[in-house]
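Coordinate-derived values only; no laboratory data. Please read these numbers as outputs of a predicted model, since none were measured by experiment. Cβ placement follows ideal geometry from the backbone for every residue including glycine, while neighbour counts extend to all protein chains displayed.
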Amino acid sequence: MTSNRTRHYNVVSIPADGIGPEVVSAAIEVIQKLAQVSKSFTIEFEHILWGTAYYKEHGRYVDENVLEVLRRYDAILFGSVGAPDVPDHISLWGLLLAIRGPLQLYANVRPVRTFPGTVSRLRDTKSGAPEIDWLVVRENTEGEYSGHGGRSHRGQKWEVATEVAIFTYVGIERIMRFAFSAAQARPKKLLTVVTKSNSMRNGMVLWDEVALEVSRDFPDVKWDKMLVDAMTVRMVNFPGSLDTIVGTNLHMDILSDLAAALAGSLGIAPSSNLDPTGKNPSLFEPVHGSAFDITGKGVANPVATIWSAAEMLGWLGEAEAKDTLMKAIENVCTAGVLTADLGGTANTKEVTRAICEELEKLGSRT
C-alpha cells in the first residue's frame with residue numbers, strides 16, 4: 001500500500017476484564033504492524049483501566065466524566081467486561097451500556113463469515129451455499145435493553161419485576177435506514193427484517209410499519225420479513241438465502257451469537273458500535289465476552305478483536321488498510337494457524353505473530 005500523505009488517529013483502549021487485555025494487546029500489536037507496513041497512517045493507543053478492578057476500588061466502572069473522556073478520541077477499542085464475583089447486570093450496565101446509550105452508538109454491526117481453512121457447521125448444508133457471508137445489524141440503544149422497568153415488593157412471594165421494551169419511531173427509522181443502506185451497498189442487495197409482531201402487538205408492529213415505510217426509499221433492495229423463531233431455522237437450513245439482517249437489540253444479540261457459532265466460533269466474531277452521525281467516537285469490540293475459563297492461559301482467539309480493529313480502520317476511512325488486514329487473516333487461517341476453538345493448536349501469540357508476518361509479506365508485494 002502506498003500513500004502520499006499520512007493520517008494520524010488517536011484511539012482509546014479499554015481492555016477491561018477476562019481475556020480482554022490479552023486480545024486487545026494482540027489487536028494493537030497487529031494494527032501497529034499494519035501502520036508500519038502501510039506507511040499511510042499512524043495510530044496512537046491510550047489505555048484506560050476501567051473494568052471490574054476499577055469498580056472494586058472506586059465503586060463504579062467508569063469515571064464520572066466518562067463521555068467527556070471518550071469524546072477526545074477518534075475511536076474506542078474495547079475488550080470485554082464481566083467477572084465471576086460481580087453480578088453480570090452490574091458489570092454490563094456499569095461499563096459497556098454506560099457508553100453505548102449515552103454516546104448514541106445505535107448501530108451495532110456484526111459481520112459474519114466463514115474463513116478458509118476453518119470448520120463451519122454449515123459447510124455441508126443442502127442450501128447449495130455452504131459459505132456464510134452475512135451482515136448482522138442490531139439496534140443498539142433501545143428495545144429490550146432500554147433500562148426501563150423495576151421491582152417492587154422485594155422479598156415477598158408477590159414480588160413483581162418488569163422489563164419494558166421501548167420502541168420509538170425515531171429509533172426504528174434510523175436503524176432501518178442504516179440497514180437498508182448497508183444492504184444496498186452489498187452485491188446481493190438483500191435485507192431480512194427480523195420481527196415478532198405476531199405476539200408483540202405494539203412495539204414490533206411499529207417496527208414492521210416503519211420497515212415498510214423506509215423500504216420505499218430503497219426500491220433496488222429486495223427485502224423480506226421473518227419472525228425471530230422462524231429465523232433460527234432459516235439460518236441453519238438455508239444460510240444462502242440470507243445476506244443483510246436487521247433486528248432489535250435483544251433479537252440480534254441472540255441471533256448474532258448463533259450466526260457466529262454457525263460460521264465457526266465466537267472467537268472470530270467482531271462487533272462495531274457505531275454513531276453513524278459521526279458526532280461521537282464509535283466503539284469496536286469482540287463479541288465473545290470475558291471467557292474467564294481461559295483467562296491467563298494464552299489460548300484465546302485474537303481474531304475477533306483483530307477483525308474488530310480492522311472494522312475500526314474501515315470506519316476511520318482506511319479502507320485499503322482494512323482490506324489488507326482481512327487478507328492477512330484469511331491467509332493465516334488458510335495456512336492452518338488456528339486456535340483450539342477453530343480446531344487448531346496455536347495459541348494467542350502464535351496467531352498474532354503469524355498475522356504480523358503475513359502483513360510483512362503483503363506489504364513487500366505492494
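Taking a span of 15 Å or more along the helix axis (Cα atoms) and a mean Kyte-Doolittle hydropathy of at least 1.0 as the rule, the DSSP H helices of the chain that qualify are 303-316. Starting from a Cα-only point model with no solvent, please compute log10 I(q)/I(0) by Debye for the chain at q = 0.13, 0.15 1/Å. Debye output, listed in q order: -1.10, -1.44.
Which net charge results when you count Lys and Arg as +1 and Asp and Glu as -1 among the other residues whose beta-carbon is under 13 Å from that of GLU173?
-3
Toward the positive end of the charge dipole of the stretch 120-263, with +1 on the Cβ of Lys and Arg and -1 on the Cβ of Asp and Glu, the farthest Cα among MET252, VAL164, THR141 is that of MET252.
For the chain, modelled as a GNM whose springs connect Cα atoms under 10 angstrom apart, the maximal fluctuation among LYS196, LYS327, LYS297 occurs at LYS297. In the chain, what percentage of the DSSP-assigned beta bridges are antiparallel, given to the nearest 5? Looking only at bridges with both residues in the chain, the antiparallel portion is about 45 percent. Computed as a quarter of the hull surface, the mean projected area of the alpha carbon convex hull for the stretch 311-360 stands at 3.6 nm². Here the 3J(HN,Hα) profile of the stretch 143-148, calculated from phi with Karplus coefficients 6.51, -1.76 and 1.60 at θ = phi - 60°, is x, 6, 10, 6, x, 8 Hz, Gly and Pro shown as x. Using a cut-off of 15 Å between beta-carbons, work out the net charge of the residues near SER152 (Lys and Arg +1, Asp and Glu -1, SER152 not included). With Lys, Arg at +1 and Asp, Glu at -1, the neighbours total +1.
State, as an integer percentage, the relative contact order of the stretch 120-263 based on alpha-carbon contacts under 8 Å between residues 6 or more apart.
Once divided by the residue count of the stretch 120-263, the mean separation gives 38 percent.
Normalised by residue number, the volume inside the convex hull of the Cα atoms of the stretch 120-263 is 124 Å³ per residue. Plugging the Kirkwood radius over Cα pairs into Stokes-Einstein for the stretch 250-321, at a temperature of 25 °C and a viscosity of 0.890 mPa s, what D comes out in µm²/s? Answer from the Stokes-Einstein relation: 184 µm²/s. For the stretch 57-156, the spherically averaged projection of the C-alpha convex hull amounts to 11.7 nm².
Highest GNM mean-square fluctuation among GLY344, GLY20, GLY171, for the chain modelled with Cα contacts below 10 Å: GLY344. Among TYR54, TYR106, TYR61, a tally of other beta-carbon atoms within 10 Å of each Cβ gives an order, fewest to most, of TYR54, TYR106, TYR61. Relative to the Cα centre, the charge distribution of the chain, modelled as +1 at Lys and Arg Cβ and -1 at Asp and Glu Cβ, gives a dipole magnitude of about 560 debye.
Local charge sum around THR162 (other residues, Cβ-Cβ under 15 Å, Lys/Arg +1, Asp/Glu -1)?
-1
Counting only aspartates and glutamates at least 8 places from LYS279 when in the same chain, those with an alpha carbon closer than 12 Å to its own are ASP74. Beta bridges from DSSP with both residues in the stretch 120-263: antiparallel share about 30 percent, rounded to the nearest 5. Given R0 = 30 Å, the distance between the Cβ atoms of LEU227 and ALA185 translates into a calculated FRET efficiency of 0.70.
Here the Gaussian network model covers the chain, with springs between Cα atoms less than 10 Å apart; of LEU316, LEU34, LEU338, LEU316 fluctuates the most.
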